[in-house]
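Reviewing the structure listed below.
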Amino acid sequence: MKPTDTALARSYGLPKVHKPNVPLRLIVAIKGSPTYNLAKWMHSKLKFLQENSDASVRSASEFLTDLHGRRIQSDEMMVSFDVT
């Protein structure tokens, strides 16, 4: 896993147009950086944790389809974590 032709990670912002004052969402692209191969290796080792999970969705439309017809009980709470 020796990096070759490495570069610094690139960062840029995407505007959150749905928020007041249009703040930016920071994106850090690590492809080509010294830690890219390590991140790729870690992903290959940890991806089994998400496979076949009924607690994760890949898109907003998948989420809406999954929610259709469900009822939230009074002792339940809907929570969302964005860890990408």
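What follows draws every value from the coordinates through simple rules; no lab data is involved. Here the structure is a predicted model, which is why all the values come from computation and not from measurement. All Cβ positions, even for glycine, are placed from backbone atoms using ideal geometry, and neighbour counts span all protein chains on display.
Overview of values
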| item | result |
| --- | --- |
| Cα long-axis angle, helix 36-46 against the chain (0 to 90 degrees, to the nearest 10) | 40 |
| Sorted by Cβ density within 10 Å, fewest first, the residues 18, 43 | 18, 43 |
| Loop-located chymotrypsin sites (Phe, Trp or Tyr not before Pro) in the stretch 31-84 whose Cβ has at most 12 other Cβ within 10 Å (DSSP) | 81 |
| Directionally averaged shadow of the stretch 1-52, computed from the convex hull of its alpha-carbon atoms, nm² | 5.5 |
| Given charges at beta-carbon only (K, R positive; D, E negative), |dipole| of the chain in Debye | 440 |
| Convex hull volume of the stretch 17-80 per residue (C-alpha atoms, cubic angstrom) | 175 |
| Close Lys-Lys pairs in the chain, where close means Cα under 30 Å and separation is 8 or more or interchain | 11 |
| Rel. contact order, % - alpha carbon contacts under 8 angstrom, at least six apart, the stretch 1-52 | 35 |
| Qualifying trypsin sites (Lys or Arg not before Pro) for the chain [loop in DSSP, other Cβ within 10 Å: at most 16] | 16, 31, 58, 70, 71 |
